[in-house]
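Novice: The following block contains the structure, expressed as structure tokens.
Bear in mind that the values in this text are calculations on the coordinates, not laboratory data. Source: prediction; values computed, not measured. Positions of Cβ are backbone-derived with ideal geometry, glycine not excepted, and every protein chain shown enters the neighbour counts.
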Amino acid sequence: MKLNSTVLLTLILLTLMLGAGSVSAFLGFNLGSSALKGITTPDGRPTTKFASNKPTNSQQAGVALLKEEDILKIVKARIEGKTKAAKSEKLEEDDEETNDTQQKPEEKPPEVAEEKPLPGFPVAAESDGVTLSVQSASYSGGDLLLKVKMQNKGKDSVRFLYSFLDVTDDKGRTLSASTEGLPAELPANGPTFTGTISIPTALLDEVQKISLALTDYPAQKLKLEVSDIPVER
């Protein structure tokens, strides 16, 4: 009796399990079907893709390809056009230069005005064929400028050290001076050399005349003394 009840209970449980499984499977199938509605499988055929991507009749107009002869003609025409334009610009520039040359008058070299000696100049001194002359005196930039010329007509060259140049005013006072352009050595039978002696104007108050004294170095045989140089302003 107990055995029969156990078998019956087992069969009932199996039946319930099979029924529950069938119901679950059915419900899962229905849910999956409803979820996949409206979804289609993509068309993997290449012919279909190409057919769908074909342009419309308005876009089917092909690109017109130029022939090689036509391309060469176009390039040649452009090159000739640029060459003609460059030639015309060159001709215009040449014409302008020619016109400018014709319009410009011939420039004459400036005439060099000869410096006229001031009253009382030149003042010169000579010793053993060596000459020292003061050609002119002028004031510029706070200095008195004496234009000096030197020449050696003797047989021997002569050297000078211009720190031994003595400059005195008409009152016997010694004045400081600087030289520029005067030669350190006068060659024998040489050319004339030109230089400048500068004296500060602050030292020349109420001074009317000055004197220069120079000797050669180191022999000190020459005595070049230029006196009474007018410097009155």
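Novice: Relative contact order for region 126-230: what percent, with Cα pairs under 8 Å and sequence separation of 6 or more?
Specialist: Computed value for region 126-230: 31 percent relative contact order.
Novice: A further question follows. Would you mind checking which residues have amide H under 5 Å from GLY190's amide H? H placed 1.01 Å from N; only 5 or more apart, or other chain.
Specialist: Amide H neighbours of GLY190: ASN152.
Novice: Can you list residues whose amide H is under 5 Å from VAL130's amide H, if they're 5+ apart or on another chain and H is modeled 1.01 Å from N?
Specialist: For VAL130, whose amide H was placed from the backbone, the distant partners under 5 Å are LYS153.
Novice: Additional query: How do LYS153, LYS209 rank when sorted from fewest to most other Cβ atoms within 10 Å of their own Cβ?
Specialist: Least to most surrounded, the residues fall as LYS153, LYS209.
Novice: A follow-up question, please. For LYS171 and ASP70 in the same chain, what is the full-extension length gain: residue separation times 0.36 nm, less their Cα-Cα distance, in nm?
Specialist: 26.0 nm
Novice: Would you please give the FRET efficiency between THR192 and ARG233, computed as 1/(1 + (r/R0)^6) with r the Cβ-Cβ distance and R0 = 22 Å, to the nearest 0.05?
Specialist: So the FRET efficiency works out to roughly 0.20.
Novice: Right, another one. Just how many pairs of Lys in region 126-230 have C-alpha atoms closer than 23 Å, counting pairs that are eight or more places apart or on different chains?
Specialist: Summing the qualifying lysine pairs gives 13.
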